[in-house]
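Student: Have a look at the structure that comes next, please.
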Amino acid sequence: MPHLDHPWHIDATGRTAQTDEAGHLRDLIEQVLFTAPGERVMRPDFGSGLLGLVFEPNSSTLAATTQVLVQGALQQHLGHLIALRAVNVEPVDARLEVTVQYVVLRDRSAQEARFDFSAGSVS
């Protein structure tokens, strides 16, 4: 079943872009990570607060804090869709590399999503 791709955009055919189930779950993980608590109306607890940490001094302590925040937020908001296997956070130079390993509950397939956070950008 196709889902709307996030962020919303037009595809090559001039229609709203769609994605498959794996892409949709990655989009949902990205939304949880990039949303600050209090940012969404009617869902003040949604999000991880991760973007606020990119201005903190990069260290192993920050990586450990980030790991706990990410793991808690994903379990709370997406626990009905995925089972987390691991959340790894690595401080590299002036950025954080976040790797989320999870199992899709619907079909038991193992997936991995990687995100890079830095003070200047998120990719």
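No lab work stands behind these numbers, since they all come straight from the coordinates. Since the structure is predicted, the reported quantities are computational estimates derived from the model, not experimental observations. Using ideal geometry, Cβ is built from the backbone for each residue, glycine included, and neighbour counts are taken over all protein chains shown.
Student: Rounded, prolate or oblate: which one fits the chain, using the alpha carbon gyration tensor with axes a ≥ b ≥ c (rounded when a/c is under 1.5, else prolate when a/b beats b/c, else oblate)?
Tutor: Verdict is prolate for the chain.
Student: Provide 80, 6 in ascending order of the number of other Cβ atoms located within 10 Å of each residue's Cβ, fewest first.
Tutor: Going from least to most buried by this count: 80, 6.
Student: Right, next: Once both labels are modelled 7 Å past Cα along the beta-carbon direction, what's the residue 90-residue 8 spacing in nm?
Tutor: Each label point is offset 7 Å from its Cα along the Cβ direction, giving 3.7 nm.
Student: Right, something else. What ranking do 13, 61 get, fewest neighbouring Cβ atoms within 10 angstrom at the top?
Tutor: Ranked by crowding around the Cβ, least crowded first: 13, 61.
Student: Which order results if 82, 29, 10 are arranged by neighbouring Cβ count within 10 Å, fewest first?
Tutor: Final ranking by Cβ density, sparse to dense: 10, 82, 29.
Student: Moving on to the next point. How many angstrom lie between the C-alpha centres of the stretch 11-32 and the stretch 60-89?
Tutor: When both Cα centres are located, 21 Å separates them.
Student: Can you give the calculated 222 nm mean residue ellipticity of the chain, where each DSSP H run of n ≥ 4 adds -39,500 (n - 2.57) and the sum is split over every residue, rounded to the nearest 500 deg cm²/dmol?
Tutor: -9000 deg cm²/dmol
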